[in-house]
Amino acid sequence: MTEHVTEKDVRDIAEYCRIGLADSEIPQMTADLNAIIDELAPITEYDLTGVEPTFHPIGDLSNVMREDVEGQSFTQEEALSNAPAQQDGSFLIPSILGGGEA
Amino acid sequence: MEFGTMDIAAIRSGLAAKEFSAREVAEQSLARIDAVDGTVNAFLEVTPEAALAKADEVDAAIAAGAFDELGPLAGVPVAFKDNMNLAGTHTACASHMLENYVSPYTATCVQRAIDAGALPLGKLNMDEFAFGSTTESSAFGTTKNPWDTSRVPGGSSGGSAAAVAAGMATVTLGSDTGGSIRQPGSFCGVVAVKPTYGVVSRYGVVAFGSSLDQVGPFARSVHDAALALNAISGRDERDCTSQDVTIDFTRGLDAGVSGMKIGIVPEFMDAAGLTSEVKHAIEGAAEKLREMGAEIVEVELPHVRAAISAYYVIAPCEAFSNLSRFDSVRYGFCDPGHKSLAGQYEASRAKGFGPEARRRIMLGSYLLSAGVYDKYYYPAQQVRTLITQDYERAYETVDCILAPVAPQTAFAFGQISDPATMYATDLYTISINIAGNGGMSVPVGLGEDSQMPVGAQLIAPAFHDMNMLRVAAALEEAYGTARVAPDFADVKAGA
C-alpha cells in the first residue's frame, strides 16, 4: 500500500473537518484512507487530454429566478426548534472571543 | 386482510367497492408492523396518528362520492427512508448526529405521496447518512433481510426494501446515490427504481452527493412502482435540478419487448467477482427476453472500469461539503460543556458521526485539498464525461441495457468489513449515477446456490425511464410478481 497520507496529514485533515479524533483512532483512519486512495488509481491512469469535465449530469443548469414576493417560511420559533441551546431567541454558542480551550 | 401485502389496484378496487375502509387499511398495516418489525427492524419510527388521520381523509372523500378525485396512492400504506423530512417526525438519517431532530417541514417527494392519498406509516432504517451497502452502519441497529434474517438487506435503503419484502408496506421511497435503491431491491427481491437524475425533487431529502442523489420507489410490482413514480415526479420550484417531466410511467408498460433492442455489456458479465449464480440468472433473463421477441445485442462501455474510482472521488467530496452543515449549533448533536466553539464542533462531530461518515468526510476533504484536487477530483469529472459518452454511444444501438445489480446475492452480516472491498461491490450500479441515467432492479428468481433473490438491472437513457419499466414488466410476466418473503407471507396480524 502506498502512503498517500501520513498520520500527521490525517491529524491536519481532522482538524480542518472539525472532527476531533482521539490519538488512538489516528492509525486506523490513516490505514483506511490509504487503502481507499489506492483504489482510486484508475482515475489517474487515463489520458484525459482535451476531455471536458462534467460536474453535473444536467448540463444546462441555470439559476432559477422568481418574483421578489413574500412567501411562507419558518417562524423564529420553528427555526430554533432543533437548536441544542438557545437564549433570547438566538442560537447559543460558547464564547468565541478569548477564554477558550487551547 | 393483509393490506401491506396487497398491490395498489387491489386496495383501490376494495376501497371503491367499500369492501373495506382506508382506516382499516391503516389500522391493519400498523398491526402488521407491530407483529413483524420486531424481527425485521425496518422502521425507525412508526407514525400511527399521521396514517390514521390521512385514512380518515380518504374515507371522508369516498363517503362524499369523490373517489375519482383521490390520487393514485389513495389508501395505500407507504413509508419513507429516514433521510426524508416529514413534518413532526424524526429525520435522523439513522445517525446519532440527528437522533433528536424533529422535521419542521416536509420533503416534496413525501408531500406528493401524501397528497396522492398515501397513508404515511413511518420512517425506514438506512445506512448512516446513506453511506453503505448493508444498513449495518445505522446507529440504531441493522435491518434484517426478510428472506433470511441472518443476511443483510442491502443498503443504504435497506429498511425501504425490507419493509416491502416483508409486506409491511405496499410502496416505500428510498434514495440512490451509487446503488442504494437498486442493490437492496435486488437483495430483498422487490422492484426498485432509481429514475433518471432530475425526475424526482430532492427538496427535503438530506443531501449526500448532490450531483448523484435521486429518489425512487420500492414496490412488489412494476406497475405499482410506476404509479408511485407518477405521484412523486415532476418539477419542483424548490429543487432547480428537478425537471418538468410529465410522463405517465404506466403508459406502454404491457406493450412487451418484441422489436426492442436490449444491450448486454461484456465488461459487466466478465467482471471478476461476479458470482456464477448471478451471472446465470442474468443470462437466463436475457434468454427469456429473446424468447419474447427482443434482440439482445452486445454493447461496449470501455470506461466503465473507472466508474468506482470516479464515484469514490466525487461522492465523498460532495458528502464532505454537504455534511459541513452539521455544526452542533442550529440543529443536530451537541457535546455540551465546551468553553470554545471549535472544541464544541470537534467533539460534537466526532461523537455524532459514525465511523463511515467520518471516513468519507475526511476522504472528501483530502481529495479537495490543493494539489490533490488536480490529481483526482478534476480527472474524476473528466471520466464522468467519458462514461456518459459511453452510455450515449450504447443507446445509439439499444433501447435499454440488462446487467447484474450486484455481483452476489445478500450476504451474511459482517461478511464484508473492509471498506475498499465493500466499495467494489457497487461496480454495476455506480456508473448509472455518474451518468445520471435511470436504472432499476426487478426480481428474476432465486440464485441457484444461495436460494436468495437475484435482481436484474435495467438501465435506460436519461428521461427514457419508460424503456426500462417496459422491459421490467416483461420480465415480471416471465418470472411472476415479486412475492412477500416466505417467512412473512403467512403472518397474520390484527383484524
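The values are calculated or read from the model by the stated rules, or taken from the named source; none is laboratory data. Everything quoted here is computed from the prediction, not taken from an experiment. Don't worry about glycine lacking a Cβ; one is built from the backbone with ideal geometry, like all the others, and counts go over all protein chains shown.
The table that follows gives values for the structure above.
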read-out: All positions within the range B:342-358 that are hydrophobic (A, V, I, L, M, F, W, C) and facing chain A (nearest Cβ under 8 Å); value: B:Ala342, B:Ala347, B:Ala350, B:Phe353
read-out: Subset of the range B:145-176 that is of a type in the set (D, E, K, R) and surrounded by fewer than 24 Cβ atoms within 10 Å (Cβ to Cβ) - its residue that is nearest to B:Ser211 (Cα to Cα); value: B:Arg151
read-out: Residues (part of a loop (DSSP other than H, G, I, E, B), touching a Gly at 6+ places or on another chain (Cβ under 9 Å) and β-branched (Val, Ile, Thr)) located in the range B:205-246; value: B:Thr241, B:Val245, B:Thr246
read-out: Subset of the range B:430-464 [assigned to a loop (DSSP other than H, G, I, E, B), closer than 22 Å to B:Ala410 by Cα and in contact (Cβ under 8 Å) with a residue 60 or more places away in the chain]; value: B:Gly447, B:Glu448, B:Asp449, B:Ser450, B:Met452
read-out: Qualifying positions in the range B:330-340 - in contact (Cβ under 8 Å) with a residue 12 or more places away in the chain and at the interface with another protein chain (Cβ under 7 Å from one of its Cβ atoms); value: B:Tyr331, B:Cys334
read-out: Checking B:Ala31 against (1) closer than 22 Å to B:Asp7 by Cβ; (2) of a type in the set (A, V, I, L, M); (3) buried (at least 19 other Cβ atoms within 10 Å of the Cβ), the condition it does not meet; value: (3)
read-out: Matching residues, the range B:315-328, being at the interface with chain A (Cβ under 9 Å from one of its Cβ atoms) and in contact with a Leu (Cβ under 8 Å, 6 or more places away or on another chain); value: B:Pro316, B:Phe320
read-out: From the options B:Lys194, B:Lys123, B:Lys144, residue that is of a type outside the set (Asp, Glu) and closer than 20 Å to B:Glu2 by Cβ; value: B:Lys144
read-out: Complete set of residues in the range A:5-44 that are more than 8 Å from chain B (Cβ to nearest Cβ) and either within 30 Å of B:Leu386 (Cα to Cα) or modelled with pLDDT under 95 (or both); value: A:Asn34
read-out: Index of the failed condition, B:Phe413 passing every other in (1) among the hydrophobic types (A, V, I, L, M, F, W, C); (2) buried (at least 21 other Cβ atoms within 10 Å of the Cβ); (3) away from chain A (no Cβ under 12 Å); value: (2)
read-out: Among (1) within 11 Å of chain A (Cβ to nearest Cβ); (2) more than 24 Å from B:Tyr101 (Cβ to Cβ); (3) aliphatic (A, V, I, L, M), the one test that B:Leu301 misses; value: (1)
read-out: Test: residue in the range A:42-53 that is more than 21 Å from the chain's Cα centre (by Cα), small (Gly, Ala, Ser) and part of a helix (DSSP H, G or I); value: no
read-out: Options B:Ala116, B:Ala139: the member that is under 25 Å from B:Arg32 (Cβ atoms) and surrounded by fewer than 24 Cβ atoms within 10 Å (Cβ to Cβ); value: B:Ala116
read-out: Residues of the range A:78-90 satisfying the condition of being among the charged types (D, E, K, R) and surrounded by 10 or more Cβ atoms within 10 Å (Cβ to Cβ); value: A:Glu78
read-out: Unique residue being touching a Cys at 6+ places or on another chain (Cβ under 8 Å) and facing another protein chain (nearest Cβ under 8 Å) when the list is B:Ile361, B:Ile308, B:Ile262; value: B:Ile361
read-out: Meets criteria (in contact (Cβ under 8 Å) with a residue 40 or more places away in the chain and part of a loop (DSSP other than H, G, I, E, B)) for B:Glu300; value: yes
read-out: Qualifying residue in the range A:75-92 (condition: facing chain B (nearest Cβ under 8 Å), part of a loop (DSSP other than H, G, I, E, B), under 22 Å from B:Ser242 (Cβ atoms) and in contact with a Phe, Trp or Tyr (Cβ under 6 Å, 6 or more places away or on another chain)); value: no
read-out: Hits in the range B:1-20 - residues which are out of contact with any strand residue (DSSP E or B) (no Cβ under 9 Å at 6 or more places or on another chain), farther than 24 Å from B:Asn125 by Cβ and touching a residue at least 40 places away in the same chain (Cβ under 8 Å); value: B:Ala9, B:Arg12, B:Leu15, B:Ala16, B:Lys18
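Condition check ((1) of a type in the set (Gly, Ala, Ser); (2) crowded, with 18+ Cβ neighbours inside 10 Å) across all residues:
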{"site": "B:Phe326", "(1), (2)": "no, yes"}
{"site": "B:Val329", "(1), (2)": "no, yes"}
{"site": "B:Pro336", "(1), (2)": "no, no"}
{"site": "B:Leu341", "(1), (2)": "no, yes"}
{"site": "B:Ala347", "(1), (2)": "yes, yes"}
{"site": "B:Ala357", "(1), (2)": "yes, yes"}
{"site": "B:Arg360", "(1), (2)": "no, yes"}
{"site": "B:Arg384", "(1), (2)": "no, yes"}
{"site": "B:Thr388", "(1), (2)": "no, yes"}
